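Worksheet: one structure, shown below.
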Amino acid sequence: ATIRRTEPTAGSGDSARRFGTQRVLVEPDAASGVAVMKFKNPPVNSLSLELLTEFIISLEKLENDKTFRGVILTSDCPRVFSAGLDLTEMCGKNPAHYAEYWKAVQELWLRLYLSNLVLIAAINGACPAGGCLISLTCDYRILADNPKYLIGLNETLLGIVAPFWFKDTLVNTIGHRASEQALQLGLLFLPAEALQVGLVDQVVPEDQVLSTALSVMARWMAIPDHARQLTKNMMRKTTVDRLVKQRDADIQNFVSFISRDSIQKSLQMYLEKLKQKKG
Ligand SMILES: CCCCCCCCCC/C=C/CC(=O)SCCNC(=O)CCNC(=O)[C@H](O)C(C)(C)COP(=O)(O)OP(=O)(O)OC[C@H]1O[C@@H](n2cnc3c(N)ncnc32)[C@H](O)[C@@H]1OP(=O)(O)O
């Protein structure tokens, strides 16, 4: 994927400078050590290969810069945090493309789930499937209180199956029984339901999502990094190791599953339904 980096905006020093790429805007505040990362892949922030690649690069840059200890993930697109994996990357392409795409999805999850940074999701829009997965890798989730902003792993509604590491991430967050129902039924939760089941940690009015994320971040930043990072590692490493041990097999599973005629038909029909919704 071709990555175009954005120019820093004119400002009065580091904290006023933006950086990032075409699809991932980064607003750093060196003074507080917190950066706000905004996805900008209109119309719905679908996780195309380009967006995944730029996300990984931007995250790596922040991880390697000791100035930053916390990142808030949010959307620059109105009403959608992320529509999840880009269905056009999984439809009508060849096996090599599917393999490359899935490797990038894995890579992003691996980096996010064990990130040394404090990650907070400021969910300011709809958050299905892969969008929900990204929020689940964060240390804390704040969802805007809007009945249109549904969140959940709805893969079964598309006739596809959430892979084991999506499932593990959900189980680690809301527990086994709630995950069993949520995954099989492909549940998309309203904000109040998401809060009740523990899928998000706070639901706040839409105009307070970012300010709430910043104040929650201050609390997490007050904890010494080494102690917090080792604790996070202790909680999450087993889950990450499961995928690391079988990364290639997981790619092969994905490629053969997604290449099936029946799955391709389901995905095409789902995409058609999304397009017809407008007309
Ligand atoms: C045992 C075997 C195991 C093997 C393992 C295999 C594992 C396979 C698992 C693969 C995992 C997949 C996880 C995913 O993330 S799949 C994606 C699921 N996403 C969704 O269901 C969301 C679909 N989108 C929506 O519901 C809505 O778009 C929205 C996000 C609620 C926003 O609604 P809004 O009304 O604002 O916008 P529109 O619906 O009109 O959409 C605008 C245009 O964007 C296109 N679109 C939407 N979502 C996607 C997407 N995910 N990918 C690509 N394109 C998308 C939509 O078609 C519109 O396009 P148009 O302008 O051309 O009409």
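Below is a table of values for the structure above.
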| quantity | calculated |
| --- | --- |
| Matching residues, segment 61-101, being within 16 Å of the ligand (Cβ to nearest atom), of a type in the set (Asp, Glu) and touching a strand residue (DSSP E or B) at 6+ places or on another chain (Cβ under 9 Å) | Asp76, Asp86, Glu89 |
| So Lys278, is it closer than 27 Å to Asp86 by Cα, over 21 Å from the mean Cα position of the chain (by Cα) and modelled with pLDDT under 95 | yes |
| Top-ranked residue of segment 116-152 - restricted to ones that are in contact with a Phe, Trp or Tyr (Cβ under 6 Å, 6 or more places away or on another chain) and closer than 27 Å to Ile263 by Cβ, ranked as farthest from the ligand (Cβ to nearest atom) | Thr137 |
| Criterion (polar (S, T, N, Q), out of contact with any Gly (no Cβ under 8 Å at 6 or more places or on another chain) and surrounded by fewer than 24 Cβ atoms within 10 Å (Cβ to Cβ)) met by exactly one of Asn124, Asn116 | Asn116 |
| Residues (within 15 Å of Pro43 (Cα to Cα) and among the hydroxyl-bearing types (Ser, Thr, Tyr)) located in segment 67-116 | Thr74, Ser75, Ser82, Thr88 |
| Those residues of segment 235-257 which are farther than 19 Å from Leu112 by Cα and under 21 Å from the mean Cα position of the chain (by Cα), in sequence order | Phe254 |
| Long-range neighbours under 6 Å by Cβ, at least six apart or interchain, first residue without any contact (Cβ under 8 Å) to a residue 12 or more places away in the chain and within 11 Å of the ligand (Cβ to nearest atom) within segment 257-276, second part of a helix (DSSP H, G or I) and of a type in the set (Val, Ile, Thr) | none |
| Matching residues, segment 155-200, being assigned to a loop (DSSP other than H, G, I, E, B), farther than 21 Å from Ile251 by Cα and either among the hydrophobic types (A, V, I, L, M, F, W, C) or within 16 Å of the ligand (Cβ to nearest atom) (or both) | Gly186, Leu187, Leu188, Leu190, Leu199, Val200 |
| Search result, residues across segment 1-55 that are of a type in the set (Lys, Arg) and either assigned to a loop (DSSP other than H, G, I, E, B) or modelled with pLDDT of 95 or more (or both) | Arg4, Arg17, Arg18, Arg23, Lys38, Lys40 |
| Only one of Arg141, Arg111 that is crowded, with 22+ Cβ neighbours inside 10 Å, within 18 Å of the chain's Cα centre (by Cα) and outside any loop (DSSP other than H, G, I, E, B) | Arg141 |
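The values are calculated or read from the model by the stated rules, or taken from the named source; none is laboratory data. Since this is a predicted model, take the numbers as computed values, not measurements. With ideal geometry, Cβ positions are generated from the backbone for all residues, glycine too; neighbour counts draw on all protein chains shown.
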